[in-house]
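Encoded as structure tokens, the structure appears first; notes follow it.
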Amino acid sequence: MAEPLLKVEGLEAWYGESHVLHGVGIEVRQGEVVTLLGRNGAGKTTTLRAIMGLVGKRQGSVRFEGQELIGARSDRIARAGIALCPEERGIFASLDVTENLLLPPVVRAGGMDLEAIYTLFPNLKERARSPGTKLSGGEQQMLAIARILRTGARLLMLDEPTEGLAPVIVQQIGRTIREIKARGFTVLLVEQNFRFAQTVADRHYVMEHGQVVDAVSNEELAGSMDRLHAYLGV
Amino acid sequence: MLEDLLFQLELGLPQVVLGLVNGAFYALLSLGLAVIFGMLNVINFAHGAQFMMGAFVAWMMLNWLGIGYWPALVLAPLVVGAFGVVLEKTMISRLYKLDHLYGLLLTFGIALIIEGLFRNQFGSSGMPYSPPEILSGPPVDLGFMFLPKYRLWVVVAALVMSLVTWLVIEKTRLGAYLRAATENAALVQAFGVNVPRMVTLTYAAGVALAAFAGVLAAPIYSVNPQMGSSLIIVVFAVVVIGGMGSILGSVVTGFGLGLVEGLTKVFYPEASSTVIFVIMAIVLLARPAGLFGRA
């Protein structure tokens, strides 16, 4: 079988002195939506940030399209075709909505054009001139996702996109993720809410104490509920 | 009473206009400091020395190479800006992870070394630099006073350069990167922007602005190694009043305080050299973030 789009092996990461990831291994194939599930502090966000090159120190292997990126700086990782939508959304207050949307440079052909993005997120067009942080939480999340759709990045990493949002907005984000999957994007999703994860993902990894402890496909999910409940402590 | 005041003001208008000329230098220098501080979080104490270098490079170009004022107005900022690139790459960039104080100490030390080297080479007495032919003719009649053409040009040039800088930062894509990186540099880099290179070029641009002001100043003040250090103290007060890192704030406050200084010379000359510091103290008490600063 061909090499997966993203292959992470033995990934270790540190924030300053604290050793946060202990040999994480995951694979994401072209066109898949894969989630990282786990409790708070299990290392899900750190895994995304370590793949993106945003931790103090990292070791192991991060291969993207066969290219080793473990020694690369974050701007080169972005240019290789990986994009991150961070947990805190990272909308810039000194930029208006359009400037926020156009900020990430296009790294490859094949991203969505502005028209397609506005069709997907009509609110962003209406609020084009508002300062980015004057949007509602849901709109900010839409903006944070929208701006990485433009860049042509193949792998989109979304860190808890549903956190703190109203159910109707969560549904809209679910539709958005299915839509971008249909357009051929690959998604690595961090979620706490596994009922939501179930509606969008093909496979799930479960993390605990900075390691991957289990992997389930979405079909097996119903049969593995007891096990997952134990991990996630719901 | 009011008529008295108006009469005094009319007599003093020339002072006020000259205040505007000083204000032009305050604006340009604090603009460069604001650009650098916004991006690097470094208070560039070498700014006065770099201003002086701009004037000296223009002087050297004229006297050693026969390059006149107009080419020097472009070339000297480029030369001094290139010097800024070397400083940032080799020294300043190593300090970003440390406390602000280290950047301040380093750039202060650099300023002392640069000024020492120039004093050693050129002595402390000033050297003349004539304004270009086209700006040296008879003064312009403003109705209430005669203003040397060159001083009028300084005000216009400073206004245009401030406007260009503001447009680049507020209206262009590059400016959007700069503003975004000021808020969250790590994320901008994770979008694929080469932030370290952008930081280097921002420092160089701020330094080049200082050198541009230096070339503008060469025909007005004599070209001497101390010309920057005497001006920069006032400029730091301007930056504090305007608000650290605010582009609009530094331009408005620069010109405004030049005017205030001029007005003080009319109404109470004894206070003209301290008025800016008095305003600084009041602003710091009432609005510690500065008039245009975000708290």
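Laboratory data are not the source of any read-out in this text; all were calculated from the coordinates shown. The model shown is predicted, which means the values in this text are computed figures rather than measured ones. With ideal geometry, Cβ positions are generated from the backbone for all residues, glycine too; neighbour counts draw on all protein chains shown.
Each of B:I169, B:L65, B:G290 was placed along the dipole of chain B (beta-carbon charges, centred on the mean Cα), and the one lying farthest toward the positive end is B:I169.
Counted by neighbouring Cβ atoms within 10 Å, the residues B:F146, B:F56 run from fewest to most as B:F146, B:F56.
Amide H to amide H, with H built 1.01 Å from N, A:M157 comes under 5 Å of A:A83, A:L84, A:C85, A:L188, counting only residues 5 or more places away or on other chains. Starting from one equal scatterer on each C-alpha and no solvent at all, send me the Debye-based log10 I(q)/I(0) for the range A:6-232 at q = 0.11 Å⁻¹, two decimals. With one equal scatterer per Cα and no solvent, log10 I(q)/I(0) is -0.52. Sorted ascending by nearby beta carbons within 10 Å, beginning with the fewest, B:K265, B:K149 become B:K149, B:K265. All alpha carbon pair distances within the protein assembly as shown were sorted into 20 Å bins beginning at 0; the resulting P(r) in whole percents reads 20, 41, 27, 11, 1. Only lysine pairs 8 or more places apart, or on different chains, with alpha-carbon atoms under 18 angstrom apart are counted in the protein assembly as shown, and they number 5. In summary, the helical segments of chain B meeting the span-like criteria, namely a full DSSP H run, a Cα extent along the axis of 24 angstrom or more and a mean Kyte-Doolittle hydropathy of at least 0.5, are B:2-40, B:47-65, B:69-90, B:100-122, B:149-171, B:195-217, B:247-267.
Note on the protein assembly as shown: dipole from Cβ charges, positive end direction compared against B:S124, B:V80, A:F92; the farthest Cα belongs to B:V80. Over the C-alpha atoms of chain B, the Rg to Rh ratio, Rh being the Kirkwood estimate, stands at 0.98. Would you mind classifying the range B:6-71 by shape? Square roots of the alpha carbon gyration tensor eigenvalues, ordered a ≥ b ≥ c; an a/c under 1.5 is rounded, otherwise it is prolate if a/b is larger than b/c and oblate if not. The shape class here is oblate.
Inter-chain neighbour count for A:73-83: the average number of beta-carbon atoms from partner chains within 10 Å of each residue's beta-carbon is 4.
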